[in-house]
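A quick write-up on the structure given underneath.
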């Protein structure tokens, strides 16, 4: 079991049970033993290796990500904005693709719940109403995490959540930190539809915290460069918009 987890960096409990041909309770008992031995860290619904946790500390800063695949991000944002109807309430995730979307929606008659300081700043103009969740701001990254953020999300219902991702594979959308993943999960739970916005560079990778299964995504908006890397599991998504 540990060899398999070490190879992948992170795995879900059910995924381990299926691959090893054992029951979920057995997996949980074995994972508890591995955690006591200091080899893994248990997460909600899964497990990560200690190495994966250390690697997550290397997440690029916002300024480093700003100009990476920027043309693709703007195309994705333009296509995603077409899904937003007037007077809709939308949650926009943190990150540079979310920032591009906020710029597309700025001035429209919509309510935006921002999970990121830069997203809130970009959207706050004209007829757009912006709500910013509270919590701890991650220095250099500008997203907001913690109980204040998740508590506010529990008090609302949104029409759409535009979800960004650190990595996407055939099974999950994953993230680099437990705290940020918790905010994303809360936003998914409180939205009628979840729209994943990510370019092809995020595909066929995995970070150590699962956010949701790919089947939980209602629409995946991505660039045309994703067609080949996603071909093997394209059918797992309910709908994909290539742009």
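The values are calculated or read from the model by the stated rules, or taken from the named source; none is laboratory data. Fair warning: this is a prediction, and the values are worked out from it, not measured in the lab. Cβ coordinates were reconstructed from backbone atoms using ideal geometry, including for glycine residues, and neighbour counts include every protein chain displayed.
Take segment 139-154 and flag every residue that is surrounded by 17 or more Cβ atoms within 10 Å (Cβ to Cβ) and in contact (Cβ under 8 Å) with a residue 40 or more places away in the chain.
If the condition is that a residue be surrounded by 17 or more Cβ atoms within 10 Å (Cβ to Cβ) and in contact (Cβ under 8 Å) with a residue 40 or more places away in the chain, then 141, 142, 143, 144, 153 are the ones that fit.
Does segment 217-229 hold any residues that are under 24 Å from residue 84 (Cβ atoms) and free of Cβ contacts under 8 Å to residues at least 60 places away in the same chain, and which are they?
217, 218, 220, 224, 226
Scan segment 160-175 for residues that are under 19 Å from residue 15 (Cβ atoms) and either touching a strand residue (DSSP E or B) at 6+ places or on another chain (Cβ under 8 Å) or without any contact (Cβ under 8 Å) to a residue 40 or more places away in the chain (or both) and jot them down.
Matches in segment 160-175: 165, 166, 167, 168, 169, 171, 172, 173, 174, 175.
I want to confirm something. Restricting to segment 88-103 and keeping residues that are at pLDDT 95 or above and out of contact with any strand residue (DSSP E or B) (no Cβ under 8 Å at 6 or more places or on another chain), which single residue is surrounded by the fewest Cβ atoms within 10 Å (Cβ to Cβ)?
103
Inside segment 5-69, counting only helices (runs of 4 or more DSSP H) that do not spill past its ends, which hold 1 or more residues that are modelled with pLDDT of 75 or more, out of contact with any helix residue (DSSP H, G or I) (no Cβ under 7 Å at 6 or more places or on another chain) and in the same structural domain as residue 209 (by TED's automatic domain parsing)? Break it down into steps so the answer makes sense when it comes.
On the way: elements: 13-20, 24-36, 50-56, 62-65.
The helices (runs of 4 or more DSSP H) meeting that bar number zero.
Quickly run through segment 203-216 and pick out the residues that are surrounded by fewer than 23 Cβ atoms within 10 Å (Cβ to Cβ) and either on the phi > 0 side of the Ramachandran plot or in contact (Cβ under 8 Å) with a residue 24 or more places away in the chain (or both).
203, 204, 205, 206, 212, 213, 214, 216
Evaluate the following for residue 156: is it more than 10 Å from the chain's Cα centre (by Cα) and in a strand (DSSP E or B)? Outline the logic, then answer.
On the way: more than 10 Å from the chain's Cα centre (by Cα): yes; in a strand (DSSP E or B): no.
No.
Exactly one of these conditions fails for residue 210: (1) under 13 Å from the mean Cα position of the chain (by Cα); (2) at pLDDT 95 or above; (3) part of a strand (DSSP E or B). Give me its number.
(2)
What residue, among those in segment 109-138 that are surrounded by 19 or more Cβ atoms within 10 Å (Cβ to Cβ) and assigned to a loop (DSSP other than H, G, I, E, B), is nearest to the chain's Cα centre (by Cα)?
Once the filter is applied, the top-ranked residue is 115.
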